[in-house]
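Okay, so here's the structure we're looking at.
The values are calculated or read from the model by the stated rules, or taken from the named source; none is laboratory data. All values reported here derive from a predicted model rather than from experimental measurement. Positions of Cβ are generated from backbone atoms using ideal geometry, with glycine treated the same way; all protein chains shown enter the neighbour counts. When the accessible area is computed, the model is the full protein with side chains, heavy atoms only, and any ligands, DNA or RNA have been set aside. Shrake-Rupley method; radii C 1.70, N 1.55, O 1.52, S 1.80 Å.
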Amino acid sequence: MDPQTGQPPKKYFIHTFGCQMNEYDSGKMRDMLARASYLPAVSAEEADVVLLNTCSVRENPANKVFSMLGRLGELKREKPGMIIGVAGCVAQQEGKNILRRSPDVDLVFGTDNLFSLPEMLEQAGQGRRVARTGWGKKSKEKDFVPPQEALASLPDGPKGQVAIMKGCDNFCSFCIVPHTRGREVNRDLSAVVAEVEALVSRGAKEILLLGQNVNSYRAGGKNFVDLVYGVAEIPGLERLRYMSPHPKDFNLALAIAHRDIPQLCEQVHLPFQSGSDRILKAMQRRHTMAEYLEKVAMLRETVPGVQLSTDIIVGFPGEEPEDYAATLDVMRRVRFDHLFAFKYSPRPFTPAAKLEETVTHGQKGERLDGLLALHLEILAQIHQGMVGSVQEILVEGPHPKNPEDRLGRTRGNKSMTVVNCSAPAGALLRAEVTGVRQYSLIGKEVKPWT
Ligand code: SAH
Ligand code: SF4
Ligand code: F3S
């Protein structure tokens with residue numbers, strides 16, 4: 001029973017689409033709901049409040065929201081009184097249109113209105129339909145996370161994530177994010193440190209610093225490298241990562257930080273989007289491929305063994321077979337450990353959406369398949385080369401299919417199954433790579449956990 005109302009506690013269910021920033025925001029929603037005495041439900045069917053935290057970076061995830069709303073509408077007819085809310089990037093983009101288009105939705109709130117959730121839920125509970133998508137007061141530096149929320153979150157097992165900024169000022173020509181997340185706002189270094197400390201004190205061993213362009217961070221005279229040094233000093237923090245840096249802002253000082261800070265993992269996600277300078281220009285990425293490759297060389301020289309991942313878009317308007325060949329060429333040269341590849345999808349408000357699409361859907365599919373096949377070939381070689389090496393593993397928990405084994409990650413962010421291992425989540429151990437799968441490793445402890 002809820003002591004205040006004498007009613008059974010209400011339950012919520014959040015479905016999160018999209019990127020880590022949405023995951024982070026969903027975590028904050030959970031914190032606010034917990035504070036308002038809501039309990040988590042295991043499915044939408046069991047919940048009194050269902051929130052969809054949406055992504056609009058490509059057409060597919062955006063469309064999924066509306067099909068999911070259709071199914072939730074049916075559920076609501078069986079369960080009147082259920083509150084359905086839409087948050088995140090589609091909510092920011094569509095605002096009130098969602099209330100018009102989906103009569104069962106009670107609540108729409110944009111990316112800058114997250115922390116009014118308790119108030120909006122109260123209004124929805126009184127039968128009002130609410131849409132809030134306004135932007136907060138404009139300021140380049142601001143703690144957009146209220147202090148009680150910044151210090152509330154529970155880490156996800158041994159891993160936690162902290163937003164260091166929101167929004168983006170880059171306006172890559174294909175990207176809707178600057179429109180759905182607004183202009184870049186950086187949090188004060190002390191606020192970031194306080195939130196990391198709170199997560200570490202609750203058991204986090206690894207922290208991921210989040211932002212759309214983390215290495216453009218600047219607040220109170222501090223830059224991203226200062227921030228990384230500041231966070232790494234927090235006692236009990238074992239591993240630090242960040243996502244995503246922009247190649248144009250990647251510099252030697254950050255590479256040196258990787259070399260000199262033991263907590264900062266030897267892993268960098270560095271999107272290059274296309275191997276062709278002509279396409280990079282049309283994408284407004286503000287760097288050439290030669291500059292990108294120079295930075296990769298600088299990073300590899302400074303941090304031997306650093307593992308790289310990237311994002312690529314295939315089928316941008318005007319992408320000719322030779323542009324695509326240039327992308328494959330970069331893949332062969334850099335040999336990424338992880339690849340996130342996407343078919344170009346025109347998005348509202350973006351300059352690229354005005355360009356005529358020259359690559360058919362089928363061609364985009366073929367190009368994507370070609371990239372993934374090449375990546376698998378390269379990955380098989382990389383993984384074979386790791387057999388026999390000893391890796392530091394952060395244990396995330398038991399293997400879901402075999403509880404005698406553990407799932408963990410290397411410092412390079414590769415997933416590893418450690419066989420016959422009893423180490424608890426959060427343990428750091430050393431394991432020898434004994435086998436490989438397509439996307440992950442198999443290993444055994446060098447010295448069994450006791
Ligand atoms: N801020 C990050 C990217 C965020 S979006 C960065 O700049 O690295 C994540 C990825 O989605 C992008 O890197 C890009 O590869 C992809 N993406 C963004 N807009 C897209 C679009 N319109 N069509 C296809 N892929 C897109
Ligand atoms: Fe989008 Fe470019 Fe900003 Fe990344 S850097 S969020 S791709 S506009
Ligand atoms: Fe998607 Fe918004 Fe993230 S569009 S990728 S959820 S910033």
State whether one or more residues within the stretch 310-324 are more than 16 Å from ligand 3 (Cβ to nearest atom), at positive phi and surrounded by 15 or more Cβ atoms within 10 Å (Cβ to Cβ). yes
Go through the stretch 170-198 and give me each residue that's among the basic types (K, R) and either part of a helix (DSSP H, G or I) or within 14 Å of ligand 2 (Cβ to nearest atom) (or both). R181, R183
Could you please give the count of residues in the stretch 278-327 that are more than 16 Å from ligand 2 (Cβ to nearest atom), among the aliphatic types (A, V, I, L, M) and farther than 16 Å from A255 by Cβ? 4
Residue selected from the stretch 5-25 under the condition hydroxyl-bearing (S, T, Y) and farther than 27 Å from P245 by Cα, by the criterion least open to solvent (accessible area, probe 1.4 Å): Y12
Single match in T410, T417, T434 (criterion: open to solvent by 20 Å² or more (accessible area, probe 1.4 Å) and touching a strand residue (DSSP E or B) at 6+ places or on another chain (Cβ under 8 Å)): T434
Can you tell me which residue in the stretch 236-260 is nearest to A297 (Cα to Cα), limited to those that are touching a residue at least 12 places away in the same chain (Cβ under 8 Å) and more than 23 Å from the chain's Cα centre (by Cα)? L252
Going through (1) in contact (Cβ under 8 Å) with a residue 12 or more places away in the chain; (2) open to solvent by 50 Å² or more (accessible area, probe 1.4 Å) one by one, S67 fails only at (1)
Sole exception among (1) within 16 Å of ligand 3 (Cβ to nearest atom); (2) surrounded by fewer than 20 Cβ atoms within 10 Å (Cβ to Cβ) for E78, by number: (1)
Does the stretch 190-211 hold any residues that are over 14 Å from V228 (Cα atoms) and of a type in the set (A, V, I, L, M, F, W, C), and which are they? A198, L199, V200, A204
Which count do you get for residues in the stretch 167-195 that are of a type in the set (D, E, K, R) and open to solvent by 30 Å² or more (accessible area, probe 1.4 Å)? 3
Taking the stretch 38-63 as the search range and keeping residues that are assigned to a helix (DSSP H, G or I) and closer than 15 Å to I84 by Cβ, which one is most open to solvent (accessible area, probe 1.4 Å)? E45
Which residues, taken from the stretch 273-302, are open to solvent by 80 Å² or more (accessible area, probe 1.4 Å) and either among the hydroxyl-bearing types (S, T, Y) or within 23 Å of C175 (Cα to Cα) (or both)? R278, K281, Q284, R286, E291
